């Protein structure tokens, strides 16, 4: 390969992102763009515009740069980047350089042996909603309207399946199998697919929605789409709007809590844990690649763990007398 722009870092990043559209989902490409732009800015500030100038030492300097970075906006302004954010950015960088090696741009991968920041165990400090609270949220939409019934159905699916916001948004009318009582998640995180169970109540809402409210909403534009969620204008609801709708209903319930689709996902996971479900089964339903991610939810079942401990542990059932004996021994001396 030759030419003055062949090895330009900026051009190669664009090339990687364009090539990625074939393999990765749009949301994945979007998530890749910002970390690579950040790497590019870091390199340009140091007059490193040719990818061949980037050594492992350079990338280790970039890692230290990430460790020292502070957030610039929002409620977390001034705080360092989380370990999770640092890991995601380095993972994108490694993926980019693997691409360059496969394409023959580089002979070796300077990012291959980078040490990843040590993963922090994410512990959720707040519980999901209680059953009473979740039912109160579900009652917020006015279900005798098409829009209200759509919103209620959205939230019923969230609570019944624990799917992510993007997975709910991508839901098609073809993804629900009433006979098997399953929902096919066609566009999971990392472009992975999975089947998850869905409750009879969730199925009942989906069936009623697709037969009535959805068709009524579609008639407003005359469009032909398999998208499950239809807007008041008869077009598929946007990803951003899905989150806004759920967030608004949670807020309207006046529970002193805020949250949207992820709050439903959290509630789904904690409800299963409290009900005695095995964590690996929950991992499969949530679509977590790493069990450690699912383990972040386990603290919410601590009350039940304490109950089991107090019923089962011999030291609880038969308190130790060692302290009393120790005191007696000391007095004798």
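Given 0.36 nm per residue, what is the gain on full extension from residue 56 to residue 23 after removing their alpha carbon distance, in nm? So the chain would gain 9.2 nm between residue 56 and residue 23. The listed peptides 152-161, 171-180, 235-244, ordered by packing as a protection proxy, come out as 152-161, 235-244, 171-180 (highest mean of other Cβ atoms within 10 Å first). Be a star and scan region 44-64 for residues whose amide nitrogen sits under 16 Å from the point 7 Å along the Cα-to-Cβ vector of residue 85. In region 44-64, the label zone of residue 85 (backbone N under 16 Å from the point 7 Å along Cα→Cβ) covers 63-64. For the pair region 13-53 and region 168-207, the centres of their Cα atoms are 34 angstrom apart. Considering all different alpha carbon pairs of region 9-102, the Kirkwood hydrodynamic radius works out to 14.1 Å. Per the Kirkwood formula applied to alpha carbons, region 131-307 shows a radius of gyration over Rh ratio, Rg over Rh, of 0.97. First check a/c for region 87-230, with a ≥ b ≥ c the square roots of the eigenvalues of its C-alpha gyration tensor; if it is under 1.5, answer rounded, and if not, answer prolate when a/b is larger than b/c or oblate otherwise. Prolate is the answer for region 87-230, as a/c is 1.5 or above and a/b outweighs b/c.
Applying 0.36 nm per residue to the separation of residue 30 and residue 211 and subtracting their alpha-carbon distance, the gain on full extension is 61.7 nm. The simple spin-label model puts a point 7 Å past each Cα toward its Cβ; for residue 42 and residue 252 those points are separated by 4.5 nm.
Readers should treat all values here as calculations from the given coordinates under stated rules, not as data from a laboratory. Model, not experiment: these values are computed from the prediction. Ideal geometry is used to build each Cβ from the backbone, glycine not excepted, and the neighbour counts take in all protein chains shown.
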